[in-house]
Amino acid sequence: MPSLPTFRDADSVHAEAENIELTMPSTLSVMLRARICVPGLGEMEDELRYADAMEALNNIRCQLRTRTVYSHSKMKNVKGQRLNIRAHAAQSSVNVHIRAATLRYCHELNDADVRGLGERALMNEERAEQERICELSGSSSNSFGVRHTGVVAVGEGCCMLSWL
């Protein structure tokens, strides 16, 4: 994001590269994102997050397969206490890897992270519809739910925009 340094604190400009907070487009407000980010950067971030989640999920699958193989091998081949303890230690280490991969995949979501599948597309469509109505009615651009007056379409003298 080329123009991000103008929005950062003066302290973070002179900080070491390892200590600078990584700013992703999703952490910025919509207005700042439009001014700072290169077009398409948000979609790139979405692709990166999706790829990271898929990688973590594949890691979980791999570790679960490894645990299954260890379990079958233990049931078939392990006789005696010493070998059973070693097999249990191997299974425990795999369980630690499974837990770490699960935590990486199932990270905590914030309220802003939970949204419908096509929420961005719907918001863009609603914004375009609102702008079209504002052009037709001759009124200024207002937020959703504000009553617009004027002729919007034939037979409509007043229109209340839905917030949905």
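Restricting attention to the range 30-64, the residues being under 30 Å from Ser92 (Cα atoms) and touching a helix residue (DSSP H, G or I) at 6+ places or on another chain (Cβ under 7 Å) number 7. Checking each residue in the range 104-121 for being under 18 Å from Tyr50 (Cβ atoms) and either modelled with pLDDT of 75 or more or assigned to a helix (DSSP H, G or I) (or both) picks out Arg104, Tyr105, Cys106, Ala112, Asp113, Glu119, Arg120, Ala121.
Within the range 21-58, if we keep just the residues that are in a loop (DSSP other than H, G, I, E, B) and of a type in the set (A, V, I, L, M), the residue that is modelled with the highest pLDDT turns out to be Val38.
The values are calculated or read from the model by the stated rules, or taken from the named source; none is laboratory data. Here the structure is a predicted model, which means the values were calculated and not measured. Here the Cβ is made from the backbone with ideal geometry for all residues, glycine too, and neighbour counts use every protein chain on show.
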